[in-house]
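Trainee: Take a look at this one; I'll ask things after.
The values are calculated or read from the model by the stated rules, or taken from the named source; none is laboratory data. A quick note: this is a predicted structure, and the numbers were derived from the prediction, not measured. No Cβ is skipped: glycine too gets one built from the backbone with ideal geometry, and neighbour counts run over all protein chains shown. Surface accessibility is based on the protein's heavy atoms, side chains included, excluding ligands, DNA and RNA. Shrake-Rupley method; radii C 1.70, N 1.55, O 1.52, S 1.80 Å.
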Amino acid sequence: MSRFLITGVSSGIGRALTRELIKRGHWVWGVARRVELLRSLKKELGENKFIYSQMDVSERSLWEELVKKMKRKKFIP
């Protein structure tokens, strides 16, 4: 199955898209600022195909860290 990186997964379109992709068997790495909502989504999905990172997407240095983390886990979207 495919692997996706989605920002804004804590609510709205990002959350809905994440649910749908996971339902279809894909892997999703989700990014959002609100860690409590990320945790609730992980719990709701009950899937190990959902990985998340809490971060503000406007911070360039955090993107660099995220890319390194994704490479270590061999998660290539």
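Trainee: Cβ contacts < 7 Å: first residue within 18 Å of residue 53 (Cβ to Cβ), restricted to the range 1-13; second residue basic (Lys, Arg) and open to solvent by 50 Å² or more (accessible area, probe 1.4 Å), any location; separation 6+ or different chain. Result?
Mentor: As it stands, the answer is 10/34, since those pairs meet every condition given.
Trainee: Condition (residue is surrounded by 10 or more Cβ atoms within 10 Å (Cβ to Cβ), touching a residue at least 12 places away in the same chain (Cβ under 8 Å) and among the β-branched types (Val, Ile, Thr)) applied to the range 16-27: is it met by at least one residue?
Mentor: Yes, the conditions are met somewhere in the range 16-27.
Trainee: Okay, next question. Being more than 15 Å from residue 7 (Cα to Cα) and among the charged types (D, E, K, R) is the filter; apply it to the range 47-61 and report the residue that is modelled with the highest pLDDT.
Mentor: Top of the filtered list is 49.
Trainee: Let me ask something additional. Answer yes or no as to whether residue 55 is touching a His at 6+ places or on another chain (Cβ under 6 Å), of a type outside the set (Phe, Trp, Tyr) and touching a residue at least 24 places away in the same chain (Cβ under 8 Å).
Mentor: In short, no.
Trainee: Now for a different question. Checking the condition open to solvent by 60 Å² or more (accessible area, probe 1.4 Å), at pLDDT below 95, assigned to a helix (DSSP H, G or I) and within 25 Å of residue 23 (Cβ to Cβ), which residue from 44, 64 passes?
Mentor: Selected residue: 44, the only one of 44, 64 that is open to solvent by 60 Å² or more (accessible area, probe 1.4 Å), at pLDDT below 95, assigned to a helix (DSSP H, G or I) and within 25 Å of residue 23 (Cβ to Cβ).
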